[in-house]
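Notes follow the structure.
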Amino acid sequence: MNPVTLRAVTHGVPAAALLLVATACVSDSPAASASASPRASTAPAATTSPARTPAMNIRLTLNGHRVTATLNDSATARDFAAQLPLTLSLRDFHQAEKIADLPRKLSTSGAPEGADPEIGDLAYYAPWNQLATYYRDAPYAAGLVPLGRMDRSGVEQLATADEITIDVAPGAGHRSGR
């Protein structure tokens, strides 16, 4: 082998080895992805397809006051949105939430086993087929499926409300997600 060819080979081998190692570390194969550490990527996971809106704006009316709220992009929230508009009678539950019976059961496909609600949350309590709206902190509840959140300004109104009207916010459109 002549000196020029030998020099090209000896310089190219480390670069090729480095390229092989780098390529192996970023493999797109399912096996490589399954064994990867959850801390390997800091990029947020994509949660919606480009054709789907990530959330839906709705409007609540409590004691004559309009409050904005946003539904999440879950199967349960989409099923709830399909029932709108609704006017429901509210009952106080444990001095932390107002509950209302829904006209029909909602889909719980892909829903968590339960949730730890926060002030302002809208949720579906599947075992009793009820909408739950929170004006105080409440503990984790099995069977509770998060639907979305109301604007903080509605929390005071909710505490004393005995009826809620829920409809799609103007300009939000109505989507079924199917």
Kirkwood Rh (inverse of mean 1/r, distinct Cα pairs), region 95-158, angstrom: 11.7
Pair ARG152, ALA55: separation of 7 Å Cα→Cβ label points (nm): 1.4
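Using a 1.4 angstrom probe on the protein heavy atoms only, line up ILE119, ILE164 by accessible area, largest first.
Sorted by accessible area, descending: ILE119, ILE164.
The values are calculated or read from the model by the stated rules, or taken from the named source; none is laboratory data. Please read all numbers here as calculations on a predicted model, not as lab measurements. Ideal geometry is used to build each Cβ from the backbone, glycine not excepted, and the neighbour counts take in all protein chains shown. Quick note on the areas: whole protein, heavy atoms, side chains included, nothing else; ligands and nucleic acids left out. Shrake-Rupley method; radii C 1.70, N 1.55, O 1.52, S 1.80 Å.
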